[in-house]
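The values are calculated or read from the model by the stated rules, or taken from the named source; none is laboratory data. What you see is a predicted model, and the numbers here were worked out from it, not measured in a lab. All Cβ positions, glycine included, derive from the backbone under ideal geometry; neighbour counts span all protein chains shown.
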């Protein structure tokens with residue numbers, strides 16, 4: 001599975017659990033960190049954790065293991081590092097505060113309207 005397919009599967013997993021404002025940004029031309037950054041919002045700390053769990057479950061099911069997880073005990077931001085894809089699941093307040101879309105504005109937004117509701 002290539003990094004694009006991982007990013008799309010991640011977006012689908014987030015959408016299946018009602019993640020909000022899901023964004024996939026291609027960053028491979030501007031960063032050595034990863035190929036894609038996926039960002040989503042949960043409505044509560046429980047929802048944020050459920051979204052992160054679903055991503056981990058779906059990607060594990062597809063044979064892709066998470067390399068590192070940060071913030072799992074946090075109420076506002078969980079980061080899942082899949083080497084080529086970095087997944088950020090935020091509470092609404094944390095997403096507004098950290099504003100990763102602005103940080104990665106030089107990346108290329110990926111149109112995922114055909115894969116999520």
Considering the range 90-99, residues that are in contact (Cβ under 8 Å) with a residue 12 or more places away in the chain and surrounded by fewer than 18 Cβ atoms within 10 Å (Cβ to Cβ), and then whichever is nearest to residue 15 (Cα to Cα), we arrive at 92
Are any of the residues in the range 109-117 outside any strand (DSSP E or B), at pLDDT 95 or above and surrounded by 19 or more Cβ atoms within 10 Å (Cβ to Cβ)? no
**Request:** Would you be able to say whether some residue in the range 88-96 is in contact with a strand residue (DSSP E or B) (Cβ under 6 Å, 6 or more places away or on another chain) and on the phi > 0 side of the Ramachandran plot?
**Result:** no
Does residue 57 meet the test of being free of Cβ contacts under 8 Å to residues at least 24 places away in the same chain, more than 18 Å from residue 4 (Cβ to Cβ) and surrounded by fewer than 18 Cβ atoms within 10 Å (Cβ to Cβ)? no
Scanning the range 32-43 residue by residue, those modelled with pLDDT of 95 or more and either out of contact with any strand residue (DSSP E or B) (no Cβ under 9 Å at 6 or more places or on another chain) or loosely packed, with under 15 Cβ neighbours inside 10 Å (or both) turn out to be 43
Answer yes or no: is there a residue in the range 62-79 that is more than 19 Å from residue 113 (Cβ to Cβ) and within 10 Å of the chain's Cα centre (by Cα). yes
All-but-one check, residue 66 against (1) in contact (Cβ under 8 Å) with a residue 24 or more places away in the chain; (2) touching a helix residue (DSSP H, G or I) at 6+ places or on another chain (Cβ under 8 Å); (3) not in a helix (DSSP H, G or I), failing number (1)
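For the range 53-63, what are the residues that are under 12 Å from residue 82 (Cβ atoms) and either part of a helix (DSSP H, G or I) or out of contact with any helix residue (DSSP H, G or I) (no Cβ under 9 Å at 6 or more places or on another chain) (or both)?
55, 56, 58, 59, 60, 63
Looking only at the range 73-89, filter to residues that are in contact with a helix residue (DSSP H, G or I) (Cβ under 7 Å, 6 or more places away or on another chain) and touching a residue at least 40 places away in the same chain (Cβ under 8 Å); which one of those is farthest from residue 31 (Cα to Cα)?
The residue in question is 89.
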